[in-house]
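Coordinate-derived values only; no laboratory data. As the structure is a prediction and not an experimental result, all values here were calculated from the model. So basically every Cβ, Gly included, is an ideal-geometry build from the backbone, and we count neighbours across all protein chains shown.
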Amino acid sequence: MRRLSLILYPALLLAAAGASAQEQKPNTLPTEPQPAPQVQVTAETPAFQFYEYEAEAISGGYRMSNGWRMQVASASDGIVAQIGKERPIRLIALSNNLYATRDGNVSMEFNRGPLGEDMLMSYVPTGSLTAERVVVSTSTTLAQR
């Protein structure tokens with residue numbers, strides 16, 4: 001009989017504690033329903049229409065501010081750029097003057113500057129352990145197209 005009381009006593013204490021915890025809840029009014037999050041729906045912007053002749057206008061050789069030389073050739077959906085003897089990089093057209101790789105690690109903007117002969121390239125260096133983006137440009141005195 002002693003064992004039974006040892007088992008029942010803690011169970012009764014737990015039940016009483018739960019009941020008293022329920023009784024101590026403050027009397028609160030139900031909260032007003034929260035408004036649903038607002039979603040704005042807009043028409044899809046039309047895709048940029050790329051014409052290969054636009055890329056032909058920027059094709060050619062470039063000498064960059066860091067000493068690199070780059071060749072740019074037109075492609076069916078953008079350009080192909082090759083720096084020195086490195087492997088060619090395919091960039092797709094995002095606008096008339098802006099091209100980027102599909103992963104976004106390399107971007108090039110053409111027709112900059114007062115004469116439209118400057119180019120700005122930015123890229124994420126491979127193997128870098130930090131978050132960085134390198135920007136290299138041409139100037140009107142260095143650019144050769």
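Summary table
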quantity: Sparse-neighbourhood loop sites, trypsin sites (Lys or Arg not before Pro) in region 69-131 - DSSP loop, at most 10 other Cβ within 10 angstrom; calculated: 85, 102
quantity: Which of 118, 103, 77 has the fewest Cβ neighbours within 10 Å, and the rest in rising order; calculated: 103, 77, 118
quantity: Contour minus Cα-Cα distance for residue 73 and residue 120 (0.36 nm per residue); calculated: 15.3 nm
quantity: FRET efficiency estimate (nearest 0.05) - Cβ-Cβ, residue 92 to residue 129, R0 35 angstrom; calculated: 0.80
quantity: Pair residue 52, residue 103: separation of 7 Å Cα→Cβ label points (nm); calculated: 2.8
